[in-house]
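Derivation of every value follows stated rules applied to the coordinates shown; laboratory data play no part. Worth saying up front: this structure is predicted, and the values here are computed from it rather than measured.
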Amino acid sequence: MEQPFTDADFMSRPKARNKDHMAISTRGYADTAERVAREAGRILVGYFEQLERIDLKGHGNPVTIADRTSEKYVREAFLAEYPDIPVFGEEYGMDGHEIGDIAKACWVVDPLDGTVNFATGSPIFAVSIGLLMDGSPVVGVIFDPLRNQMFTATLGGGATRNGVPMRVSERKLSDGISPVGVSGDIIRSRPEFLQHFSKGRSIGSAALQLSYVAAGIFDAALDEYTSLWDVAAGWLLVHEAGGVTTHWGGAPIFPKTKDDPAFRSEVVNFVASNGLEHDLLAEWTKG
Ligand code: IPD
Ligand code: CA
Ligand code: CA
């Protein structure tokens, strides 16, 4: 079993000369995350188009047996393999396992991103798993089970889709064919944003929108009422594919300290892009 980093590892991590070492050290965690995401995806597919009921956590915020079963599986799988690393998930938070310092090492899990799609029969959803070390993502895995697409990144180790390296696009927003992911919330509450984008797209999964920016499918993506579990894995995918993800207005999202409201499920908005015009996107989303 691979052990979490020691204090000495944390202290040395930010230095560039340790980048290769980081990539090697995190590969084991990434392998586990891929295996767990694939199994969680299998659980989701088993429930897809078979749901007997949909519960509501709040207005417009559904949850299903698939979300809960997937997260229970992911949580147990990680705690069995890495008992010293807490798991922070959308459905169960820390689930009483407040082990050590969450900002030092923590799995951040969205067991089903795209629940509205899933619950209504749209085949666009994913499992998202990020590993934060020292408050920043070092592993990011997003798995789309229906398309069998595994998006993976390790810090310093690059980003891949089904094992093939991926890079962000080189298009500009003014190119005319510039797909930009937005969300239902943006369409409803900030329709003026859509005028900036020649090809606005809303696919109903923040994790897949970030994966698509990393894969060069979308040139940018933004969402307003997302949470840490929507962003942790995708942030690293975009970063390792050569792009940028910040909060609206351009402030960095990571590192997170243990007292950050994100660990209390508060909003973590994001704007991700291929980096070419990130300043412009930051300007538009300011205030
Ligand atoms: C939602 C999706 C959606 C985004 C929402 C998220 P969920 O996640 O990612 O695209 O716009 O903000 O809450 O609830 O399906 O896991
Ligand atoms: Ca989500
Ligand atoms: Ca979810």
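Assorted remarks:
- In order along the range 86-94, the Karplus-derived 3J(HN,Hα) couplings, from 6.51 cos²θ - 1.76 cosθ + 1.60 at θ = phi - 60°, round to x, 10, 10, x, 4, 7, 10, x, 8 Hz, and Gly and Pro are given as x.
- As a length-normalised measure over Cα pairs under 8 Å and 6 or more apart, the relative contact order of the range 134-287 settles at 26 percent.
- If the convex hull is drawn through the Cα atoms of the chain, its volume per residue in Å³: 124
- In sequence order, the range 219-225 has phi-based couplings of 8, 7, 7, 9, 8, 9, 10 Hz under the Karplus curve 6.51 cos²θ - 1.76 cosθ + 1.60, θ = phi - 60°, and Gly or Pro positions carry x.
- Debye log10 I(q)/I(0) for the range 173-284, one point scatterer per Cα, at q = 0.13, 0.18, 0.23 Å⁻¹: -0.42, -0.81, -1.35
- Antiparallel bridge percentage (DSSP; both residues within the range 7-157; nearest 5): 90
- Normalised Debye scattering of the range 7-157 at q = 0.15, 0.17 Å⁻¹ gives log10 I(q)/I(0) of -0.76, -0.93, counting only Cα atoms as equal scatterers and leaving out solvent.
- Residue separation of R167 and D95 scaled by 0.36 nm, minus their Cα-Cα distance, works out to 22.3 nm of gained length.
- Long-range lysine pairs (8 or more apart or interchain), the chain, Cα under 20 Å: 7
- Per residue of the chain, the DSSP helices (runs of n ≥ 4 H) give a summed -39500 (n - 2.57) that works out to -10000 deg cm²/dmol at 222 nm.
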